[in-house]
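Heads up, the thing below is written out as structure tokens.
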Amino acid sequence: MDAPSAIKHNATVAYGSAQLASVPESLALGEDKHGVLLPVRVRPRAHKNAVDGRREGAIVVTVTAAPVDGGANAAVIEVLSNALRCPKSALEIVRGHKSRDKVVRVPLSREELQLRLTV
């Protein structure tokens, strides 16, 4: 596994009809043989399911589900699937199953991930 590196860019992530602008900040991306490792900060019990910008090197995902019995994890995968235009089955939480800070494996190259985040 390669050491995490950072990609700096401005990002606007579209989710449904809403468009959420984020501030320029670097993402601490990692890689393994199956794709890019995307750091995610989750806010459960939010008012909406959305990608809500970036914070401290991670994508912030808000979900309405409570963190009970994997409900919030399933909602995170669904939100990321819609935002990144990837099938849910292709995304995998590899770390942080019981934490707000997660790492999600995305089967894309760094460049493709960056393009999809800068819609």
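The values are calculated or read from the model by the stated rules, or taken from the named source; none is laboratory data. Not measured: the values here are computed from a predicted model. Positions of Cβ are backbone-derived with ideal geometry, glycine not excepted, and every protein chain shown enters the neighbour counts.
For A83, the conditions (1) outside any strand (DSSP E or B); (2) modelled with pLDDT of 95 or more; (3) in contact with a strand residue (DSSP E or B) (Cβ under 7 Å, 6 or more places away or on another chain) all hold with the exception of (2).
Can you name the residue in the range 86-97 that is of a type in the set (A, V, I, L, M) and in a strand (DSSP E or B) and, of all such residues, is surrounded by the fewest Cβ atoms within 10 Å (Cβ to Cβ)? Filtering first and then ranking leaves V94.
Matching residues to (1) without any contact (Cβ under 8 Å) to a residue 40 or more places away in the chain; (2) crowded, with 18+ Cβ neighbours inside 10 Å; (3) within 13 Å of the chain's Cα centre (by Cα):
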| residue | (1), (2), (3) |
| --- | --- |
| S26 | yes, no, no |
| D32 | no, no, no |
| R41 | no, yes, yes |
| H47 | yes, no, no |
| A50 | yes, yes, yes |
| T62 | yes, yes, yes |
| A66 | yes, no, no |
| A74 | yes, no, yes |
| V79 | no, yes, yes |
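Here L108 clears all of (1) in contact with a strand residue (DSSP E or B) (Cβ under 9 Å, 6 or more places away or on another chain); (2) in a loop (DSSP other than H, G, I, E, B); (3) without any contact (Cβ under 8 Å) to a residue 60 or more places away in the chain except the condition numbered (3). For the criterion of being more than 12 Å from the chain's Cα centre (by Cα), surrounded by fewer than 20 Cβ atoms within 10 Å (Cβ to Cβ), among the aliphatic types (A, V, I, L, M) and modelled with pLDDT of 95 or more, A14 fails. With respect to the conditions (1) part of a strand (DSSP E or B); (2) modelled with pLDDT of 95 or more, V51 falls short on a single one, namely (2).
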